[in-house]
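The values are calculated or read from the model by the stated rules, or taken from the named source; none is laboratory data. Note that the structure is a prediction, hence the values are computed from the model and not measured. All Cβ positions, even for glycine, are placed from backbone atoms using ideal geometry, and neighbour counts span all protein chains on display. The accessibility values were calculated without ligands, DNA or RNA, using every heavy atom of the protein model including side chains. Shrake-Rupley method; radii C 1.70, N 1.55, O 1.52, S 1.80 Å.
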Amino acid sequence: MEDYVNNPANMHDFSLMNTKAFANLKGSGGNIWEVFEVLDDARRAIFRNTVFGYFIDVPRLQGDALLFHKMFLHQIRPDPVLSPDGIKRLYFRVGNTKMVYGPEEFCLITGFNFGEYPKNIGRKGSEKLISSKKRCLLRERLFPDHTNSSVKIGDLKSLILNQTFLALDDLDAVRVCLIYILCEGFLGKEVNDRVPQDWFFLAENLDLWNSFAWGSYLWDFTYVDLEDTWSKIHHYLSLPQRGQTLKYSVSGFTAPIRIWIYEMIPAVRACGFALRKNKDLPRMKRWSGTKKLKWVDVNKIWSKMQEGLPPRQNMLPGDGEMTSFYYMSFQEYVYGEGKAVPSPVRDHFRRQDESSSSMSSSGRSHGRGRGSGKHKLDELLKRVVQDEVMNKNNTTQNVFGDTQDDKVLEESNQYAGNKFDDDVFDVNDYSEVKEEWEERNDNAGNKFDDDVPDEDELIITGNVDYFHDDDDDKEVTPDKPRSRKPSQFLCTPYTELHTTPKQKRRTKKKVGTKSTCPVPPPVFGVAHDFSMLRLQPYVAGGEDVIQNYVLHSYDVQHRLFNFVLDRDFWSSLFGHTHDGWLESAHITIWYRLLMERRFESDRHTIMPPNFFVSHALEEGQDWRAFMAGIATYPNFMVAWWDVDTVLLLIHSSPNHWLFGELRLASMEVHIYDSLGRGAYEKFQSEGIFSKFERRVANYLDKIKYWARRNIPRIPLNMQFIYEENVPQQSSHLGDCGVFLCMFMEQLVSGQPIRVLIDPKNAALEFRLRMAKIIWGSSLAPL
């Protein structure tokens, strides 16, 4: 190990240790305090009793991305041989000091419990195995208009910061806060990422949520990106020419590593950049940063170390930590016998799978062509085992209140390998019960001739239904099918058999069959002319979008969007799911395409979909870069002092889109709504327009709008005008987002918004046009 650590080839070039970078620490935890601000005293008391409750007392975290980057410039190349015990750790070398950051340090800082957990939990694969076939009551209460897998993190945030949050039950309010803090604060997910439905099932039972092994789960999730940081930095430093500044992002819970740096490098505290307020446990509660560090501040810390204040080598647990439940769980998880800690979460998700894949409840047979007598035998076997389990005295009660036999639990753990394998153990596959039945009757020849299970059952259970005898361990083959006896009359010399060779049966060609295409081309009663609109050139490149959708080749990475456009994206655009309601992903791509196709002579700019909502909810997001036209992404924003109109994409909770046009000369906001005056009157009564006006006035002063426009500053006195002659949606689909995109493109193209002859068919036609344009523009601009 010493040779590997001291090898210069495993470290970055020492001459480049002062290379600055922009590191985006997604899971730094800096955005979780906005949740605490909306909790009243009763809900705060409930939240304090959860596993995340102590974060209310943690000082507000800052990313300190530059300090993180400086530390990782001293990272040693990751190598599995470096950890002979198989534990995932990160190694650093600062000067002559070797430092370690691993799960033990993570545990001491966060205080989270360590243990085994289902390896697929929170991932796409577990949704099919565990919970997709069960009703999620929590999700149905919080988001009745969504499916289990369609709730996004932005939906959680909007719910928490909305007035409807006050009407929730106190426990449900705490549950949604826990899920949001986990996804965005700890895992570093984006607002457009979907919330895994496993978290809804887990949060339904707060005792189960609190007992989950968050320490090992968050460490495993974070370690992947932390380990990859070395490669990101090394790749940049290896370039012969480095014109642009290094940029990289890190997902996962990165806030603990900042506390680790405070603990291990006394120079940070000596320079006055960190304060240790107390000696509370866990260590996350001890420290607070005094300021957001600049690059010159980080270099000052390293200069202080060179002056005689070296870093520490190890983070050793104190007396109180040695006896704490979280540190003892870490010791048992890493060094315990079998390296396994019993976890109630495992049993919970196993039962989820059992109930979802139950043959009797779903009506699906275990094999093909099963007879009724065999089905009764299976039911009899299950009842015998259930009666025996209930009649035994040595029973234990788990955290769910279920009474289970100790021997049965022990055998279940043996079948599951005493570890959380990817294949979930299914007690409905009761081959063990059948073998026990054979032994009781001393009838080794009694065979259970089940057919081969279906493919989908193999995916769920992970077991093939073969039965073995316990004595000789030989595979028992099914009985041969009974053969029909030949007739004594249909044979010579009584009669002659037909000797004509069999001919292949001709199949008739199916003529005029209807296509099974899930996306039939819409039939338009009235043709609407959209050929003069700005994005029309992209239509030709997307003519095959329906064919690709039918053939399930719909996953495409759009160049103006960070995420893959999956089946949900296209199915909602075609109106097959979610009632055809367009999400922010559709609106975002559409407005970015229009800004990309903006002409130099145009006098408009378009703000992102969350611009109006951010001002209405008085969020802390800084919009100066967008209003000043210097936003790095998208890089085609235009300053407000260079345009005459600002187009606003307005979202009204829970699921409605409307369009706004801000005319800067008169400070009038014209509202175009395809669903009537409901949202307009709601904004007026709730004071949303007044909040928007105050925030915009503040931002105009910050970007020096009046001086750059060379006009005297005047009170805004915004007028919000509802436009009457606007096309109204009339179909069963949620066409508000479609009309928003239509209105936006019409104004950008210089066409007025006017009443359509047939708005229902116009919306269908525009949906198909949007699909073609988004598909045709995904690879490259025209």
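Listed values, structure above:
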read-out	value
Residue match in segment 708-729 (condition: open to solvent by less than 10 Å² (accessible area, probe 1.4 Å), assigned to a helix (DSSP H, G or I) and either under 30 Å from residue 145 (Cβ atoms) or aliphatic (A, V, I, L, M) (or both))	no
Among (1) under 10 Å from residue 740 (Cβ atoms); (2) out of contact with any helix residue (DSSP H, G or I) (no Cβ under 8 Å at 6 or more places or on another chain) - the single one residue 665 does not satisfy	(1)
Residues of segment 722-757 satisfying the condition of being in contact (Cβ under 8 Å) with a residue 40 or more places away in the chain and more than 39 Å from the chain's Cα centre (by Cα)	751, 756, 757
Unique residue being assigned to a helix (DSSP H, G or I), crowded, with 16+ Cβ neighbours inside 10 Å, at pLDDT below 90 and not polar (S, T, N, Q) when the list is 223, 236, 217	236
Matching residues, segment 95-119, being open to solvent by less than 10 Å² (accessible area, probe 1.4 Å) and assigned to a strand (DSSP E or B)	99, 101
Residues of segment 730-782 that turn out to be out of contact with any helix residue (DSSP H, G or I) (no Cβ under 9 Å at 6 or more places or on another chain), under 18 Å from residue 531 (Cβ atoms), assigned to a helix (DSSP H, G or I) and not hydrophobic (A, V, I, L, M, F, W, C), as a count	3
Condition check for residue 142: over 30 Å from residue 312 (Cα atoms), at pLDDT 85 or above, among the hydrophobic types (A, V, I, L, M, F, W, C) and surrounded by fewer than 16 Cβ atoms within 10 Å (Cβ to Cβ)	no
Near pairs, Cβ below 9 angstrom, 6+ apart or cross-chain, from segment 694-719 (of a type outside the set (Lys, Arg)) to any residue that is in a helix (DSSP H, G or I) and open to solvent by 80 Å² or more (accessible area, probe 1.4 Å)	699/624; 703/624; 716/694
Of all residues making up segment 579-608, the number that are open to solvent by 10 Å² or more (accessible area, probe 1.4 Å) and among the small types (Gly, Ala, Ser)	2
Among (1) within 30 Å of residue 160 (Cβ to Cβ); (2) out of contact with any Lys or Arg (no Cβ under 7 Å at 6 or more places or on another chain); (3) at pLDDT 85 or above; (4) crowded, with 18+ Cβ neighbours inside 10 Å - the single one residue 126 does not satisfy	(3)
Residue selected from segment 620-632 under the condition open to solvent by 40 Å² or more (accessible area, probe 1.4 Å) and closer than 25 Å to residue 38 by Cβ, by the criterion modelled with the lowest pLDDT	620
Subset of segment 633-667 that is in a strand (DSSP E or B) and of a type in the set (D, E, K, R) - its residue that is surrounded by the most Cβ atoms within 10 Å (Cβ to Cβ)	661
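Residue by residue, here is whether (1) more than 28 Å from residue 96 (Cα to Cα); (2) among the aliphatic types (A, V, I, L, M); (3) free of Cβ contacts under 8 Å to residues at least 60 places away in the same chain holds:
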| site | (1), (2), (3) |
| --- | --- |
| 250 | no, yes, no |
| 254 | no, no, no |
| 264 | no, yes, no |
| 272 | no, no, yes |
| 294 | no, no, no |
| 298 | no, yes, no |
| 311 | no, no, no |
